[in-house]
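As structure tokens, the structure follows; a few thoughts come after it.
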Amino acid sequence: MDASEEPKQANRYPAPAAIGVMFALIFIAGLVFIFMLALPMRVTVESQQLAILPSAQPIPEKEYTIKKIVFGYSKKGRPIEGYEIGSGDRVLFLHGAIHGKEMGSAMLLRELVLEIAANPHILTPSKKLVIIPIVNPDGYYDRTDKLNANGVNLNLNFPTADWQTYGPEGTFAGTEPFSETESRVLRDVVAQYKPDTMIAYHSFGALVSPEMVTSSRELARWYAEKTGYTYYDIWDYPGTATKWFEESTEGAAITVELTKDLFSDWDINKEALRELIGSEALIPTVLQDSPEGSAAPSPAPHPYGF
Ligand SMILES: [Zn+2]
């Protein structure tokens, strides 16, 4: 190799290197171009998605949402189950079988839940229902009387102004108000949901018994009129859930006594319940010419409260 060939060799080899650099530059430029293309594409897709969605507003909760909830547990650890239905501001609290043997009351409330599930439009959007078919599951499943596993009549265990002990041992109404876990579950539900109205289902008496305030009496009259049950306002027991509810919240509270322990009375109550949950008002219609008090025949008195 002579000296004159060196420049040729020097010129022969830089050319492929330059081409490589050029390709690399083109490749990088291509990447940048594609990246710049991708940016507006992404924005376009996002804006199209926004346009496709109906709005940025939250999807409204449907009024027929039925939530099954365990509100607490019985003395023996059974769940006290119930339902929260709807999302309205006006809350109606219905419960049954606080006396275990009054099983028809639980059946009635379960039928109401099924009715709403099948016909969700019957619940007005302005109302919310809280339903506990069986407040006293230990009594419902284990006993043939009204009592809970401690031998307490739960419907005498609420802290009304006139609460008192009952029975030879002094424990029939509990050792003190809210001594029973099942009563405390109702207390907590009322504290959580702040119902306007409480309807306690019992048996048997085929009657509707209000607490003392006007709204309770009007609701009881209306319910009696719709069902044909007797309007009966003679009872005044201490320690009941309804009396406590009225005293502590000033809401309307009534007791509905079905015709039999083991009958749900669904056909008797169906229209009243449908109208009650479908009405915007607390009471669908306030009766104008309703009786002041009851002259109805007295049902068999319960020995220690109802
Ligand atoms: Zn009862």
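Rule-based calculations on the coordinates, nothing more; no lab input. From a predicted model like this one, the values you see are computed outputs, not experimental measurements. Cβ sites come from the backbone with ideal geometry, for glycine too, and all protein chains shown count toward neighbours.
Would segment 109-220 count as rounded, prolate or oblate if I go by the C-alpha gyration tensor, calling it rounded below 1.5 in a/c and otherwise prolate when a/b exceeds b/c, oblate otherwise?
Since a/c reaches 1.5 and a/b is larger than b/c, the shape of segment 109-220 is classed as prolate.
What are the residues whose amide H is under 5 Å from the amide H of Tyr73, where those residues sit 5 or more places off or on another chain and H is modelled from the backbone?
When sequence neighbours closer than 5 places are left aside, the close amide H contacts are Ile80.
Quick query: amide H of Tyr231 versus all other amide H atoms, modeled in the peptide plane; which residues come in under 5 Å with a sequence gap of 5 or more or a different chain?
Correct list: Val208.
Take the cross-link list Lys226/Lys260; Lys68/Lys194; Lys67/Lys243 and give me the ones stretching past 21 Å between alpha-carbons.
Lys67/Lys243
Using a cut-off of 11 Å between beta-carbons, work out the net charge of the residues near Phe178 (Lys and Arg +1, Asp and Glu -1, Phe178 not included).
In short, -2.
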